[in-house]
Each structure stands twice: as C-alpha cells, then as structure tokens.
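To start, the structure under review is shown below, and the notes come after it.
The values are calculated or read from the model by the stated rules, or taken from the named source; none is laboratory data. This structure is a prediction, so every number in the text was calculated from the model and none was measured. Here the Cβ positions follow ideal geometry from the backbone for every residue, glycine too, while neighbour counts run over all protein chains shown. When the accessible area is computed, the model is the full protein with side chains, heavy atoms only, and any ligands, DNA or RNA have been set aside. Shrake-Rupley method; radii C 1.70, N 1.55, O 1.52, S 1.80 Å.
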Amino acid sequence: NAVNREVKVILNQNQFDALVSFVFNVGAGAFRSSTLLRLLNRGKYDQIPAQLRRWTKDNGRVIQGLVNRREKEIRLWEMLARD
C-alpha cells in the first residue's frame, strides 16, 4: 500500500516489486521520509540504485545480508519489464 500511495511516477512491474521488497524491509515510515522517494517522485529513476545502496546499515554497522538484499533489489529495479 505504501508504494501505491507514495509513488507519484509510473513504475514498471519490476520497479514496483523492488520497492515493495525495500519497503517491507525498512518500513513505510522510513520510505515515506526517504530521499529515495523524493528523488523518485522527481523522476530521477537513475538515482534509485545509489539510494538503495545507502540502506545497508543497522546501528551504524554495514550488514552483509542488507548489502545482498539491496543488490537483489537493484537488479530487479534495473531489469526491463517483460511484455
């Protein structure tokens, strides 16, 4: 629901799915106030992978599991939607 409610630009299915995974992990509140969402709603699609890579820490420590998750979300984000 958060992705549908907060994103004001057109997404392909893979972009939508990547954001759903991201929001499920970080929470709707964090997503709502994120630079990622602000840039996306300005149409800066190309900046989203770098923004996703910023979300890899827990209590200031880089967590490899979060690094892995973000890279999977980025691959999904960048994948062209199939017709």
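Listed here are the residues, each with its yes/no results for (1) under 14 Å from TRP77 (Cβ atoms); (2) among the basic types (Lys, Arg).
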position	(1), (2)
ASN4	no, no
LEU11	yes, no
ASN41	no, no
LYS44	yes, yes
LYS57	no, yes
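Condition first: without any contact (Cβ under 8 Å) to a residue 60 or more places away in the chain and more than 10 Å from the chain's Cα centre (by Cα). Now tell me which residues in segment 1-23 satisfy that.
Here is the first cut: in segment 1-23, the residues without any contact (Cβ under 8 Å) to a residue 60 or more places away in the chain are 1-11, 16-23.
Scanning segment 1-23 gives ASN1, ALA2, ASN4, ARG5, GLU6, VAL7, LYS8, VAL9, ILE10, LEU11.
Would you please list the contacts, defined by Cβ atoms under 6 Å and residues six or more apart or on different chains, that run from a residue in segment 35-57 that is among the hydrophobic types (A, V, I, L, M, F, W, C) to a residue that is open to solvent by 60 Å² or more (accessible area, probe 1.4 Å) and part of a helix (DSSP H, G or I)?
These pairs meet every condition: LEU39/GLN47.
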